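S.K.: Just passing along the structure, written as structure tokens.
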Amino acid sequence: MSAPSKQLPIVDSTTPPDGTVKVADPNPSLILGAHSLCPGCGEPVALRLLMESLQDLGIVDRSIGVVGHGCYGSFVRIMDIDVLQCLHGRAPSCATGIKRVRPDSVVFTLQGDGDMVNEGLQEVLHSAARAENITCILLNNGVFGDTGGQATATTVVGQRTKTSLDGRDPAKHGYPIPVSDLVASLDGSGYVARGHVGDPGGVTRTKKMIKEALQSQLDGNGLSLVEILTMCPTGWFVPAGEGPNYQQQSMEQTYPMGVLKRPGGAD
Amino acid sequence: MSEELELLEGTAAIAKSAIAAGMTFFAGYPMSPFTGLLESLSAMMPEAGGVCINAESEIEGVNMTLGAGAAGARAGTGSCGQGIALMQEAIAEAALNETPFVVFNLARGASDYFQCTKGGGWNDYRTITLAPKSVHEAVEHTQLAFHLADKYRAPAIVYGDPLMARTTVGINIKKLDFGDLPQKDWALDGSMSGTGKSRQVWTWAMGKVTDPGPEMDAHWRYIAEKFNTIDGIEQRHEELWCDDADTIVVAWGTGALFAEKAVSELRKAGHKVGIFRPITLWPFPGPALERVAEGKRVLVFEANAGQCLEDVYQWVPRRRVTFIGRVSVDHTGMNFGDIMDAPVVRQLILEHLDNQAATAGANQ
Amino acid sequence: MADSTRNALPLAVTVSGIGGQGIQLLSKTLALAATKAGRHAMLAADYGGEMRGGPSSTSFVIDDKPVNALPILEETDAIVLSHHKFSERAVERLLPGGVCMVNSSIVDQSVIPTGARVIEVPAADLAKKLGSPQTSGLILAAAFNSLYGLVDHETLVDAMRDLIPPYRQQAIPKNIEAMAVGRDAVAGHDLAGAPA
């Protein structure tokens, strides 16, 4: 046997290491309590990213939220933000009214795919076309989670829902709407990105997108939109732990990740 | 002349009055004869430091207005009955989540009485509805509507028609004072975000987990009680020549203007007729009508199939009530037909007075 | 019934024609000019959905005290007919002996009530001659004003100027020309005792 090569340094583990970075606060201060959504749901993750982004940008004390109708609607009870719980689909219009009379505030909407793409598609498109300085957060899981897993306008082809039991068939149910692409195509949008919260990389990139979107609002670049693919294992009829995998195999194949549009040009 | 008059079309006068009342946000969708209000505000609001949005739909317009109202601004929207039908969901929502704003129904006629007073939205709510009879009164009601909306944190409707929207008068518009109002400490401005006491505007009133709200059952009982209170306090009406009258004509809005003219002439001819005009269609001034109409005949005149009539029935026994109105629309569908004309109204009233006299004679 | 060529206000007028003839502008110009001259005016407009071709009429009352009139007049002292089409109601309500100013280039005069005091103004022809056919309404406005001596001609021109929207400013010079033509078109007529 040869002599041992150079001795590897042994890290002293008796005291905390220097230069540690806390990656997340276990109890973020803008979240007042536990959420009530299902195990494996992606929406609370997105909420947390949004709340942290407001704090990171130092804009909490002028932030106003407008929340639509879906499972995430219950977030109005746990987010420490001045909030309007609005009618289904109408959040971008309500946000328009708020922002126009309080131009110094930071106004965001929180909407699901049923809210934004079914009930309120024209609201988000018209608000984008008007270049309203608001930030819309779309929590897209391709189903109506709140009502138990029916098809929405973003359900991907082949996806099983309670109203497409054999999977979404274009011949019967038509095709999904890529709303972010529509919004990005309008001159009045400033920043559009699509992320997901299915794995740590997705979470990190999505938070960056949310901050960029809010910054775009602060810079007055028109409507910003971050579409976040959020797991809904209950509505997808898969085990809680399978959510990210299913999402990767289904929704992520139809909706590619990345920044679709940013001030000065897309990536 | 004591005051400088400005010649303004009805819609422009209402626009100026709304701005005088401090309205800083308006969103509407064109529909005649409401359109004039949207055009006037588009021209006037920027100069007044406010915002007027030519909304892409009535639904978006009313929801923008709800947002602006929730943020504490005096906000307005409007249309004709057809467009306001699309706004019903948001009007009900605002009544339930206590967001004040004013809806201008500059309608195509008098057939939106039910829509204004009974509503078409969800849940237990009412909408304060003011029915001016002239441009001058519409100017006053515009400011009163903003006051009442803020006072009660509820949407309020000003209900006019083509004869009001398109009539031009010399007028001097000033800010009117209806008294003090509470601070809008509930309004969303972001300042409470992150303090642990952030605000919430929500129909279900469940509050935050750290500071629970009353929740639906208690909140909706409170809303119902609030509308009961409004009903008790805010009824407005006008009586003319009722004391010696044996017959009372009930008429509202511009219809009352024509009825007044007809009745004044009939009185000169010796007929004992009076006028009762509901000014608030909701709350309906029922107790006053009951008192005024005690033992008298009541003729209800309105250019529709009989809508206010149903409210009259609540307060006057049916056997003493006769409906003398009818549906009356011109060939464009935008204006009143032939009924809105003093000689026609006079004849409608007279026919009934004659019948009564004949009946009375036969009974003797 | 008294002669309607009154020497006192109020003056109640109905203008009738078809959409596109400038009926609304004609009437607003007269009402605004009267207001500028310190009088009171009430003007009610009646028109439908079409911008062109449908019925268009107005009723206005000018007085030296606040006007308390219905937006639909029962009887009028004068009518202005820009077209015979849709003119029945206006004609019916003209008081006996009232003034009937007609756009004589167009109006079929069989609609004019007997006994009316007819003032012919070939407004459409005069406007065409100016190369600005859309000014016939303002020609009638200026003629009517001149006939009754309601306000200074310049006040009437100022009123027109105020009423032209920003997207129509290029029309003003021709409008001014047309109004001068209208004023002169009734030079031979005199309404003794008309309100000054």
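The values are calculated or read from the model by the stated rules, or taken from the named source; none is laboratory data. From a predicted model like this one, the values you see are computed outputs, not experimental measurements. Here the Cβ is made from the backbone with ideal geometry for all residues, glycine too, and neighbour counts use every protein chain on show. For accessibility, only protein heavy atoms count, side chains too; no ligands or nucleic acids. Shrake-Rupley method; radii C 1.70, N 1.55, O 1.52, S 1.80 Å.
S.K.: Residues with amide H under 5 Å of residue A:160's amide H, sequence separation 5 or more or different chain, H placed in the peptide plane at 1.01 Å from N; which?
M.R.: Close amide H contacts, sequence-distant or interchain: A:168.
S.K.: What is the local net charge at residue A:72, summed over the other residues whose Cβ is closer than 10 Å to its Cβ (Lys, Arg +1; Asp, Glu -1)? Before the final figure, lay out the partial values.
M.R.: Details: positive: none; negative: A:43, A:115, A:146.
Value of the local net charge: -3.
S.K.: So for chain C, taking the charge dipole from beta-carbon charges (+1 Lys/Arg, -1 Asp/Glu), which of C:103, C:163, C:43 sits furthest toward the positive end?
M.R.: The residue sitting farthest along the positive end of the dipole is C:163.
S.K.: Rounded to the nearest 100 Å², what is the sum over both chains of accessible area buried where C meets B, with a probe of 1.4 Å? Intermediate results must be reported in sequence, preceding the final value.
M.R.: Numbers: alone 9210 and 15800 Å², together 23070 Å².
So the total buried area for this chain pair works out to about 1900 Å².
S.K.: Using +1 at the C-beta of Lys and Arg and -1 at the C-beta of Asp and Glu, which of B:353, C:187, C:127 has the Cα lying farthest in the positive direction of the dipole of the protein assembly as shown?
M.R.: Value: C:127.
S.K.: Counting only heavy atoms of the protein chains, get the accessible area per residue of the range A:119-267 (1.4 Å probe) and round it to a whole Å² value. Numbers along the way, then the final one.
M.R.: Values: 5910 Å² over 149 residues.
Solvent-accessible surface per residue comes out at 40 Å².
S.K.: Which residues of the range B:149-169 show a drop of at least 20 Å² in accessible area when all protein chains are present, compared with their chain alone (probe radius 1.4 Å, heavy atoms only, ligands and nucleic acids excluded)?
M.R.: Listed by number, the residues meeting the 20 Å² cut-off are B:163, B:166, B:167, B:168.
S.K.: If amide H atoms are built 1.01 Å from N in the plane of the peptide, which residues on other chains or at least 5 residues away come under 5 Å of the amide H of residue B:154?
M.R.: Counting only residues 5 or more places away or on other chains, the set is B:101.
S.K.: What ranking, highest mean first, results for peptides A:53-63, A:157-167, B:11-21 when packing means the other Cβ atoms within 10 Å averaged over each residue?
M.R.: Working: A:53-63: 18.5, A:157-167: 15.1, B:11-21: 25.5.
Packing order, densest peptide first, comes out as B:11-21, A:53-63, A:157-167.
S.K.: Each residue of the range B:58-68 in turn: what ³J(HN,Hα) in whole Hz from Karplus with 6.51, -1.76, 1.60 and θ = phi - 60°, glycine and Pro shown as x?
M.R.: 5, 5, 5, x, 6, 6, 4, 5, 4, x, 5
S.K.: Hey, got the dipole for the range B:181-274? About the Cα centre, +1 on K and R Cβ, -1 on D and E Cβ, debye to the nearest 20? Please report the intermediate quantities before stating the final value.
M.R.: On the way: 11 positive and 15 negative charges, 65 e Å.
It comes to approximately 320 debye.
S.K.: Between the helical axis of B:215-233 and the dominant principal axis of chain B, each derived from Cα atoms, what acute angle in degrees is found, rounded to the nearest 10?
M.R.: 40 degrees
S.K.: I would also like to ask the following. Just how far, in whole angstrom, is the range B:149-228 from the range A:241-267 if you go by their alpha carbon centroids?
M.R.: So the two Cα centres are separated by 41 Å.
S.K.: Find out how many positive minus negative residues lie around residue A:132, taking Lys and Arg as positive, Asp and Glu as negative, among other residues whose Cβ is under 9 Å from that of residue A:132.
M.R.: Values: positive: A:99, A:100, A:130; negative: none.
With Lys, Arg at +1 and Asp, Glu at -1, the neighbours total +3.
S.K.: To the nearest 20 Debye, how big is the dipole of chain A about its Cα centre, given +1 on the beta carbon of each Lys and Arg and -1 on that of each Asp and Glu? Present the calculation step by step, with values, prior to reporting the outcome.
M.R.: Details: 21 positive and 27 negative charges, 33 e Å.
For this selection, approximately 160 debye.
S.K.: Can you spot the aspartates and glutamates whose alpha carbon is less than 16 Å from residue B:184's alpha carbon? Ignore those fewer than 8 places along the same chain.
M.R.: A:82, B:98, B:150
S.K.: Turning to a different aspect of this structure: Please report the spacing between the Cα centers of the range A:214-239 and the range B:321-348 in Å, no decimals.
M.R.: Cα centres, the range A:214-239 to the range B:321-348: 56 Å.
S.K.: Which percent of the accessible heavy-atom area of the protein assembly as shown goes to carbon and sulfur, probe 1.4 angstrom?
M.R.: Numbers: 16900 of 32830 Å².
So the carbon and sulfur contribution to the accessible surface is 51 percent.
S.K.: Follow-up question, since we're still on this one. If R0 is 25 Å, what FRET efficiency do you get for residue B:136 and residue C:75 from their C-beta distance, rounded to 0.05? Mind dumping the intermediate values first?
M.R.: Values: r = 23 Å, r/R0 = 0.93.
For residue B:136 and residue C:75, the calculated efficiency is 0.60.
S.K.: What's the buried accessible area, both sides, between B and A using a 1.4 Å probe, rounded to 100 Å²?
M.R.: 3100 Å²
S.K.: Would you mind checking the tilt of helix A:43-56 against the longest principal axis of the Cα atoms of chain A, expressed as 0 to 90 degrees and rounded to 10?
M.R.: For helix A:43-56, the angle is close to 80 degrees.
S.K.: Right, here's the next one. For residue C:128, go through the aspartates and glutamates and keep the ones whose alpha-carbon is under 20 Å away, minus same-chain ones fewer than eight residues off.
M.R.: Within reach: C:108, C:120, C:177, C:184.
S.K.: Here's another thing I want to ask about it. May I ask you to find the residues of the range B:70-108 that are shielded by at least 40 Å² of accessible area once the whole protein assembly is considered instead of their isolated chain (probe 1.4 Å)?
M.R.: Output list: B:71, B:89, B:93.
S.K.: Same structure again: Note down the nm distance, to one decimal, between modelled labels 7 Å out along Cα→Cβ at residue C:154 and at residue C:64.
M.R.: It works out to 2.3 nm between the two label points.
S.K.: Could the peptides C:133-143, A:137-147, C:175-185 be put in order, highest first, of the mean number of other beta-carbon atoms found within 10 Å of their residues? Could you put the intermediate results ahead of the total?
M.R.: Details: C:133-143: 27.2, A:137-147: 25.6, C:175-185: 20.9.
In descending order of packing, they fall as C:133-143, A:137-147, C:175-185.
S.K.: Just add up the charged neighbours of residue A:48: K/R +1, D/E -1, any other residue whose Cβ is under 14 Å from the Cβ of residue A:48. Write down the numbers at each step before the final one.
M.R.: Working: positive: A:207, A:211; negative: A:25, A:43, A:52, A:56, A:80.
Computed value for this residue: -3.
S.K.: Output ³J(HN,Hα) for the range A:177-187: one whole-Hz value per residue in order, computed from phi by the Karplus curve 6.51 cos²θ - 1.76 cosθ + 1.60 with θ = phi - 60°, and x for Gly and Pro.
M.R.: With coefficients 6.51, -1.76 and 1.60, one gets 9, x, 5, 4, 5, 4, 5, 5, 6, 8, 4 Hz.
S.K.: May I pose another question? Can you pull the one-decimal nm distance between simple spin-label points at residue B:327 and residue A:36, each 7 Å off the Cα toward Cβ?
M.R.: Modelled inter-label distance: 4.8 nm.
S.K.: Would you mind working out the accessible area per residue for the range B:26-146, using a 1.4 Å probe, and quoting it in Å²?
M.R.: Per-residue value: 25 Å².
S.K.: Would you mind classifying chain C by shape? Square roots of the alpha carbon gyration tensor eigenvalues, ordered a ≥ b ≥ c; an a/c under 1.5 is rounded, otherwise it is prolate if a/b is larger than b/c and oblate if not.
M.R.: On the way: a/c = 1.31, a/b = 1.17, b/c = 1.12.
In terms of gyration-tensor shape, rounded.
S.K.: Sticking with this structure for a sec: Going by Cα centres, the range B:299-314 and the range B:1-67 are how many Å apart?
M.R.: About 31 Å separates the Cα centre of the range B:299-314 from the one of the range B:1-67.
S.K.: Given points 7 Å out from each Cα along the Cα-Cβ axis, report the residue C:125 to residue C:176 separation in nanometres with one decimal.
M.R.: The modelled label-to-label distance comes out at 2.8 nm.
S.K.: Now for a separate question. What is the dipole size for chain C, taken about its Cα centre, with +1 at each Lys and Arg Cβ and -1 at each Asp and Glu Cβ, in debye to the nearest 20?
M.R.: On the way: 16 positive and 20 negative charges, 90 e Å.
With only Lys, Arg, Asp and Glu charged at Cβ, the dipole is about 440 debye.
S.K.: Arrange the residues B:261, A:6 by how much accessible surface each exposes, largest first, with a 1.4 angstrom probe. Provide the component values of the computation, followed by the final result.
M.R.: Numbers: B:261 75, A:6 180 Å².
The ranking, largest first, comes out as A:6, B:261.
S.K.: For chain B, find the longest principal axis of its Cα atoms and tell me its angle to the long axis of helix B:81-97, 0 to 90°, nearest 10.
M.R.: Approximately 50 degrees, to the nearest 10.
S.K.: Read phi for every residue in the range C:139-156 and hand back ³J(HN,Hα) as whole Hz from Karplus 6.51 cos²θ - 1.76 cosθ + 1.60, θ = phi - 60°, with x for Gly and Pro.
M.R.: Along the range C:139-156, the couplings run 4, 5, 4, 5, 5, 5, 4, 5, 4, 8, x, 5, 9, 4, 4, 5, 5, 5 Hz.
S.K.: A follow-up question, please. Rounded to the nearest whole Å², what accessible area per residue is found for chain C with the 1.4 Å probe?
M.R.: Working: 8220 Å² over 196 residues.
Here the per-residue accessible area is 42 Å².
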